[in-house]
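The structure appears right after this line, and notes come after that.
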Amino acid sequence: MKNLIGSELYRMLHSTKTIALFIITMLIFAADSMFIQTYHFGFYDPKHSIALNALNFSPFILRDTDYFMFIISCPIMFCDSLNYENTCGAYRLVMMRGYHKSKYILSKIISCAILFFILTIFMFFLGAALGFAYESPIKTTTFFSGQHFNSLQALIYDFKFYLINYLLILMLLGICSLISVLSPQVIISYIIVCLIWVMLSPLSNLFLSSFNLDIFDTKTAFDVLDGKNAAFWIIALFMTIGLFALSSSIFKKKDYLY
């Protein structure tokens, strides 16, 4: 499967669509940082905010960029990758190779996960650098829990925030993988995925609010890091693995030869 992953990564990295979306995402990320530093405040919700500094600046850039990532860049790239061979009819050729059928869909899922992991790490380092560029350096900082962090602890906190956000991206990838194996077209898959993603947040608030399981809001990362949302890990694990497994199972049963 290593060759399949390498081939898919090569296709994605040389795609004009992927390059354009990555560039736009980073431009929005940089623009959000300039917008945030004009106010010098970061918001958990409309009622709670903290003063920003070099050590706690980075997570709030990602919060604003997430709206674009979860509605535009992630679904487009995921649906394009997962539906590409199905749309152009290339599965007639690639399935003549001696690979197990499930490896095709799994290699695409892994390729998307690798690509966005690299992007997440790059955004973390860029966000940290922008924090020190825009805000005056300090020795300690705090987030919404009230706990004080030194420089190293704050950077570790920021890094964990980005990793939790990456886990949300994997959950979105799971939704995209399931819809893409069920839907014949990229555009249709993208529309359905966006509708599901938008609807899941109010539904989670409506049915699971007493358990603090608003997993589709980036402020969840603050709750998880502050120990207020232990159920997040259970939901994230079952949802991610379950959707990947279900997508693989459906993909193996479908006929892509005609």
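The values are calculated or read from the model by the stated rules, or taken from the named source; none is laboratory data. Just so we're clear, the structure is a prediction, and the values are computed from it rather than from any experiment. When we count neighbours, we look across all protein chains shown, and the Cβ atoms used for this are built from the backbone with ideal geometry, even at glycine. Please note that ligands, DNA and RNA were not included when accessible areas were found on the heavy atoms of the full protein model with its side chains. Shrake-Rupley method; radii C 1.70, N 1.55, O 1.52, S 1.80 Å.
Counting just the residues of the range 127-141 that are outside any helix (DSSP H, G or I) and under 11 Å from residue 56 (Cα atoms), which one comes out most open to solvent (accessible area, probe 1.4 Å)? So, considering only residues that are outside any helix (DSSP H, G or I) and under 11 Å from residue 56 (Cα atoms), the one most open to solvent (accessible area, probe 1.4 Å) is 137.
Considering 144, 161, the condition of being closer than 16 Å to residue 57 by Cα and open to solvent by 30 Å² or more (accessible area, probe 1.4 Å) is satisfied by 144 alone.
Evaluate the following for residue 101: is it without any contact (Cβ under 8 Å) to a residue 60 or more places away in the chain, open to solvent by 20 Å² or more (accessible area, probe 1.4 Å) and among the charged types (D, E, K, R)?
Working: without any contact (Cβ under 8 Å) to a residue 60 or more places away in the chain: no; open to solvent by 20 Å² or more (accessible area, probe 1.4 Å): yes; among the charged types (D, E, K, R): yes.
Here the answer is no, as residue 101 does not meet what is asked.
Just name the residue that is farthest from residue 222 (Cα to Cα) out of those in the range 15-70 that are free of Cβ contacts under 8 Å to residues at least 60 places away in the same chain and among the charged types (D, E, K, R). Residue satisfying both the conditions and the ranking: 32. Against the conditions (1) on the phi > 0 side of the Ramachandran plot; (2) at pLDDT 90 or above, residue 212 satisfies every one except (2).
Rundown of residues vs (1) farther than 26 Å from residue 135 by Cβ; (2) assigned to a helix (DSSP H, G or I), yes/no style:
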residue: 5; (1), (2): yes, yes
residue: 29; (1), (2): no, yes
residue: 32; (1), (2): no, yes
residue: 36; (1), (2): no, yes
residue: 42; (1), (2): no, no
residue: 49; (1), (2): no, no
residue: 54; (1), (2): no, no
residue: 63; (1), (2): no, yes
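For residue 173, the requirement of being at pLDDT 90 or above, of a type in the set (A, V, I, L, M), buried (at least 22 other Cβ atoms within 10 Å of the Cβ) and part of a helix (DSSP H, G or I) is met.
Enumerate the pairs (first residue in the range 115-144 and within 24 Å of residue 82 (Cα to Cα); second residue anywhere and hydroxyl-bearing (Ser, Thr, Tyr) and open to solvent by 20 Å² or more (accessible area, probe 1.4 Å)) with beta-carbon separation below 8 Å, excluding pairs fewer than 6 apart on the same chain, so at least 6 apart or on different chains. Once the first residue is within 24 Å of residue 82 (Cα to Cα) and sits in the range 115-144, its partners that are hydroxyl-bearing (Ser, Thr, Tyr) and open to solvent by 20 Å² or more (accessible area, probe 1.4 Å) give 116/166; 117/166; 120/166.
Screening residue 149 against (1) modelled with pLDDT under 90; (2) touching a Ser or Thr at 6+ places or on another chain (Cβ under 6 Å); (3) assigned to a helix (DSSP H, G or I) leaves a single unmet condition, (3).
Report whether or not residue 196 is surrounded by fewer than 17 Cβ atoms within 10 Å (Cβ to Cβ), closer than 16 Å to residue 239 by Cα and modelled with pLDDT of 80 or more.
On the way: surrounded by fewer than 17 Cβ atoms within 10 Å (Cβ to Cβ): yes; closer than 16 Å to residue 239 by Cα: yes; modelled with pLDDT of 80 or more: yes.
For residue 196, the condition - surrounded by fewer than 17 Cβ atoms within 10 Å (Cβ to Cβ), closer than 16 Å to residue 239 by Cα and modelled with pLDDT of 80 or more - is met.
Within the range 1-48, the set of residues being open to solvent by less than 60 Å² (accessible area, probe 1.4 Å), touching a Phe, Trp or Tyr at 6+ places or on another chain (Cβ under 7 Å) and at pLDDT below 85 comprises 4, 37, 42, 44. So, in the range 234-258, exactly how many residues are in a helix (DSSP H, G or I), open to solvent by 10 Å² or more (accessible area, probe 1.4 Å) and either among the aliphatic types (A, V, I, L, M) or at pLDDT below 80 (or both)? Here the count works out to 11.
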